[in-house]
1. Can you give me the angle between helix 180-189 and the longest principal axis of the chain, using Cα atoms only, in degrees from 0 to 90, rounded to the nearest 10?
2. Find how much the distance from D430 to H227 grows on full extension, using 0.36 nm per residue of separation minus their present alpha carbon separation; answer in nm with one decimal.
3. What is the helix-to-structure angle for 309-329, meaning the angle in degrees between its Cα long axis and the longest Cα principal axis of the chain, kept from 0 to 90 and rounded to the nearest 10?
4. Mind computing the radius of gyration and Dmax over the alpha-carbon atoms of the chain? Å is fine for both.
5. Can you give the local net charge around L354? Use residues other than it whose beta-carbon is closer than 14 angstrom to its beta-carbon, Lys and Arg +1, Asp and Glu -1.
6. Angle, helix 431-442 long axis vs. longest principal axis of the chain, Cα atoms, 0 to 90°, nearest 10?
7. Under 5 Å between amide H atoms, partner at least 5 residues away or on a different chain: which partners does A334 have, H built in plane at 1.01 Å?
8. Excluding R275 itself, what net charge comes from residues whose Cβ is under 14 Å from its Cβ, given Lys and Arg +1 and Asp and Glu -1?
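Since every read-out is calculated from the coordinates, none of them should be taken as a lab result. Small disclaimer: the values here were computed from a predicted structure and weren't measured. Ideal geometry is used to build each Cβ from the backbone, glycine not excepted, and the neighbour counts take in all protein chains shown.
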Amino acid sequence: MRVRPWFIMTDDSRTPRHGFATRQVHAGDVRGDGINSRVTPVHLTAGFVFDDFAQAEDRFSGADDGFSYTRLANPTNAAVERRIAALEGGTEAVLVGSGQAAVTVAVLGLLQAGDHLVSANSIYEGSRGLFLDNFARLGIETDFVVDANDPLAWELAVRPSTRAFFVESIPNPKNDIVDLALVAEVAHRHGIPLIVDNTFATPYLLRPLEHGGDVVVHSASKFLAGHGAVLGGVVVAGSTFDWDGTTPDGSARFPHLTNPVRSLGDRSFAERFGRGAFLAYARDVVAARLGPTPSPLNAFLIQQGIETLSLRVDRQSSSALAIASWLEQQPEVASVDHAGLPSSAYHALAQRYLPDGQGAVFAFTLHGGLDAAKTFYDRLELFTRMTHLGDVRSLVLHPATTTHAWRTPEQRAEAGIAPGLLRLSIGVEDPADLTADLAQALAGLPTAAATPAPAGTATAGTAPAGPGTTATAPTPSRSGVPA
Ligand SMILES: *Cc1c(COP(=O)(O)O)cnc(C)c1O
């Protein structure tokens, strides 16, 4: 963040001098504003007063870096940006109104019509739709890599027009952890930055910039806020990627960052901001113009959430692993997709990238297929039926008929989303109460013995898109009794 003259940020809290829990309550603090509120105030204002004619002119020319209008920058939003940048180990961040806005700002900060994006196949459905529908209409084409841990698959997807790779650190609902260093190596060999959606891991469990990621995005609506009261999103960037690269034919790879612009006195973003060029462009040109500005009230509420992030994620992660191990023992459960379980094909990767906890969102598949999933879902009393995650409350979702309903049965099968699969997001409640709720909802559902191996009973953790996961289209039984 460029220094705003009216406050002094506690810059040292951004460095590794302090631990994570210290940074989550101190980093980015506002000091020296003459008022000294201990908690960053909610600056609910559209604009900021110019002292005089000259100051107005200077604010617009950039000679004075103070605030002018909330769409461009706001002190409450800026404090949250600095705190998240500090937690991710990034140099700068831009806060926006939702996670989808964050993905949009990150991608449009790098790509333009005619450019090509390569994404892991296993990503949030909203982001997938954004790539397939919205960006396609803008002339940005996306190819999906089915096995994100196969370097050759990324290699083969690269074109001269490829400008970014996109992955999620913990994809949902299958917990098919991505080997970030492996993907980053291919990306960097081609001069391409790697964007990582780190929503499910949070910076407490994993900091993608330490593993070769160049840009990190979050839905702050999830674990960062944690209370489920607001939406928000953030784009964070590190300082290692060189934006001056050229394509094999010698032309600039990111001309919008390396061509001179009038607003910077005929210098380029790369000349003016160096390795911070992308984030400066994403903030000043993409976010400030498209306008996905968060309300400072929402920023404040996200900040309140972040102050307890490590405590919540510790608790939620350990409860989730305990509940996943318990579910794996239940006769009604065919498989559990939790990367912390030794049975997961992603266990070794999870131990390497997520040694402090593997997150709190995972899926499991019932033997009884769709009918069992329906019965189970409706019987739950403590779990909330909701499409959200990372909340302090435990939540349950049936992806095949909700988030992934628009995919074809073949695509769902390829993604390992069987009709009997349910996703849980574990909250901070007493784990014994959660297990008791799951147990009463499971009671009497078909077990392996009672069910002739239905679709989607592949062993937990088999590789995604394996031919074994042949889920058929859910055909609800009218009697409600599993066949
Ligand atoms: C929820 C989510 C998003 C979208 O975030 P919103 O805040 O709902 O717009 C993007 N990526 C992931 C991984 C998510 O879980």
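1. With both axes taken from Cα atoms, the answer is about 50 degrees.
2. 71.4 nm
3. Roughly 20 degrees, rounded to the nearest 10.
4. Rg then Dmax for the chain, in Å: 23.2, 81.
5. After counting each charged neighbour, the total is -4.
6. The angle comes out at about 50 degrees.
7. Residues meeting the amide H criterion: T365, L366, H367.
8. -4
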